[in-house]
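Asker: Encoded as structure tokens, here's the structure I'll be asking about.
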Number of protein chains: 2
Amino acid sequence: MNTSEQQDTIFPKGEKAPTDYFTGTAWVKMIVPNDTSLNCQIGNVVFEPGTRNNWHTHPGGQILIVTQGRGFYQEKGKPIQLLEKGDVVKILPGVVHWHGASSDNQFTHIAVNPNTQKGIVEWLEPVTDEEYNDHN
Amino acid sequence: MNTSEQQDTIFPKGEKAPTDYFTGTAWVKMIVPNDTSLNCQIGNVVFEPGTRNNWHTHPGGQILIVTQGRGFYQEKGKPIQLLEKGDVVKILPGVVHWHGASSDNQFTHIAVNPNTQKGIVEWLEPVTDEEYNDHN
């Protein structure tokens, strides 16, 4: 991590993400735990280079706010999108997708999960190396 | 703004905030407009030094994520809280409050408004200089 990236960091790395749902190493800092007043869970996620989460859906949708690095977002059946600092992704309820770092950059986003009364996440299968590398 | 602060900036300043609801100069960049799928509106707000919004409430609550600078948050009848980068504020539905910059620092936060099906904001009276300065 260079000096510029260190200055961009808003939150500490937090806890290691569960290996069941990630390929590679990611870190999750829960900044707003779910509750029944706000119905909104917010976490900060740091993906080490090459790391991505499994395909998954959010019953209440999700919004990603990119704060550092370079990463990818893909909805099933669509091309992989490159993400950089300041990019915002709106993920509608039930849309199958994954996100993660590019192969040679760390990647950090804030993940906002609204409408948690409908559920938070449903995990599916890992993103294969072939799927991950299909962005050229 | 010094070099370190410039590197912290995630979003451009956006549009000037409506003077009806702000004392001083603030800038709002809407990053997620409201819709009926996500029920979640997200904006980035930059407050120039000394600027604050009016007292107000959110029918669906609000979460503030501080990304730069130094500012204040106050709930009616409670002491003013100092906010800095990495601080997160959970504001429950209906709680009367204000937020803004300190007198000598710019201040930036992301404002997450969940549960917008219940409404987004109800504006009240301006924060007086006496109220604003009651933080020593």
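Asker: Can you pull the mean other chain C-beta count within 10 Å for peptide A:31-43? Present the calculation step by step, with values, prior to reporting the outcome.
Answerer: On the way: counts 6, 7, 1, 0, 3, 0, 9, 12, 6, 11, 1, 7, 0.
Shielding by partners across A:31-43 averages 5.
Asker: Same structure again: Let me check against my output: what whole-number percent is the relative contact order of chain A, with C-alpha pairs under 8 Å and at least 6 apart? Please report the intermediate quantities before stating the final value.
Answerer: Working: 337 pairs, mean separation 39.3, N = 136.
RCO, chain A: 29 percent.
Asker: So what is the 222 nm mean residue ellipticity for the protein assembly as shown from helices alone, if each DSSP H run of at least 4 adds -39500 (n - 2.57) and you divide by all residues, rounding to the nearest 500 deg cm²/dmol? Can you show the working numbers first?
Answerer: Details: 4 runs with 20 residues, N = 272.
My calculation for the protein assembly as shown gives -1500 deg cm²/dmol from helical runs alone.
Asker: With only Lys, Arg, Asp and Glu charged, each at its Cβ (+1 for the first two, -1 for the last two), find how big the charge dipole of the protein assembly as shown is about the Cα centre; round to the nearest 20 debye. Mind showing how you got there, number by number?
Answerer: On the way: 20 positive and 32 negative charges, 66 e Å.
The dipole of the protein assembly as shown has a size of about 320 debye.
Asker: Chains A and B: what accessible area do they bury, summed, in square angstrom to the nearest 100, with a 1.4 Å probe?
Answerer: Values: alone 7280 and 7260 Å², together 12090 Å².
About 2400 Å² of accessible surface is lost on pairing.
Asker: May I pose another question? Using the Kirkwood radius built from alpha carbon pairs, what does the Stokes-Einstein equation give as D for the stretch A:26-93 at 10 °C and 1.306 mPa s, in µm² per second? Could you put the intermediate results ahead of the total?
Answerer: Details: Rh = 13.4 Å.
Once the numbers are plugged in, D ends up at 119 µm²/s.
Asker: Quantify how strongly other chains surround peptide A:92-99 by giving the mean number of their Cβ atoms within 10 Å of each of its Cβ atoms.
Answerer: On the way: counts 3, 2, 1, 0, 0, 0, 0, 0.
The mean count of partner-chain Cβ atoms within 10 Å per residue comes to 1.
Asker: So if I take the centroid of the Cα atoms in the stretch A:42-64 and the same for the stretch B:44-121, what is the distance between those two points in Å?
Answerer: 26 Å
Asker: Over the protein assembly as shown, average the accessible area per residue using a 1.4 Å probe and give it in Å², no decimals.
Answerer: Details: 12090 Å² over 272 residues.
For the protein assembly as shown, the solvent-accessible area averages 44 Å² per residue.
Asker: Say the dipole of the protein assembly as shown comes from +1 at the beta carbon of Lys and Arg and -1 at that of Asp and Glu; which of A:103, A:93, B:56 then lies farthest toward its positive end?
Answerer: Ranked along the dipole, the leading option is A:93.
Asker: Under a straight-distance cross-link criterion of Cα-Cα below 17 Å, which aspartates and glutamates are reachable from residue B:13, leaving out those fewer than 8 residues away in the same chain?
Answerer: A:87, B:5, B:48
Asker: With Cβ to Cβ distances under 14 Å as the rule, what net charge do the other residues near residue A:16 carry (K, R +1; D, E -1)? Walk me through the numbers before you get to the answer.
Answerer: Numbers: positive: A:13, A:29; negative: A:15, A:20, A:48.
Within the 14 Å Cβ shell, the charges total -1.
Asker: What's log10 of I(q)/I(0) for chain B at q = 0.21 Å⁻¹, Debye sum over Cα points only, no solvent?
Answerer: Summing over Cα pairs of chain B leads to -1.37.
Asker: Where does the charge balance sit around residue A:45 when Lys and Arg score +1, Asp and Glu -1, over other residues with C-beta under 10 Å from its C-beta? The partial results should precede the final answer.
Answerer: Values: positive: A:13, A:29; negative: none.
Spelling it out: positives minus negatives among the neighbours equals +2.
Asker: Which residues belonging to the stretch A:58-88 lose at least 10 Å² of 1.4 Å-probe accessible area when the assembly is complete, relative to their chain isolated?
Answerer: Residues shielded by partner chains are A:63, A:65, A:67, A:85, A:86, A:88.
Asker: Next up: What are the residues whose amide H is under 5 Å from the amide H of residue A:31, where those residues sit 5 or more places off or on another chain and H is modelled from the backbone?
Answerer: A:42, A:43, A:44
Asker: Past 20 Å, Cα to Cα: identify those pairs from A:118/B:29; A:85/B:85; A:118/B:85, in the order given.
Answerer: Values: A:118/B:29 29 Å; A:85/B:85 17 Å; A:118/B:85 31 Å.
Violating the 20 Å limit, Cα to Cα: A:118/B:29; A:118/B:85.
Asker: Could you tally the net charge around residue A:95, taking each other residue with its Cβ under 12 Å from the Cβ of residue A:95, Lys/Arg +1 and Asp/Glu -1?
Answerer: Details: positive: A:76, A:78, A:90; negative: A:75, A:122.
It works out to a net charge of +1.
Asker: Same structure again: Using Cα positions and a limit of under 18 Å, work out the aspartates and glutamates in reach of residue B:90, with same-chain residues fewer than 8 apart set aside.
Answerer: Candidates past the 8-residue exclusion: A:35, B:75, B:122.
Asker: So what are the ³J(HN,Hα) numbers for the stretch B:71-86, from phi and the Karplus equation (6.51, -1.76, 1.60; θ = phi - 60°), rounded to whole Hz, Gly and Pro as x?
Answerer: x, 10, 9, 9, 9, 3, x, 10, x, 5, 9, 7, 10, 9, 3, x
The values are calculated or read from the model by the stated rules, or taken from the named source; none is laboratory data. Since the model is a prediction, treat every value here as computed from it, not as a measurement. Backbone-built Cβ (ideal geometry, glycine too); neighbour counts: all protein chains shown. What goes into the accessible areas is simple: the full protein's heavy atoms, side chains included, and nothing from ligands, DNA or RNA. Shrake-Rupley method; radii C 1.70, N 1.55, O 1.52, S 1.80 Å.
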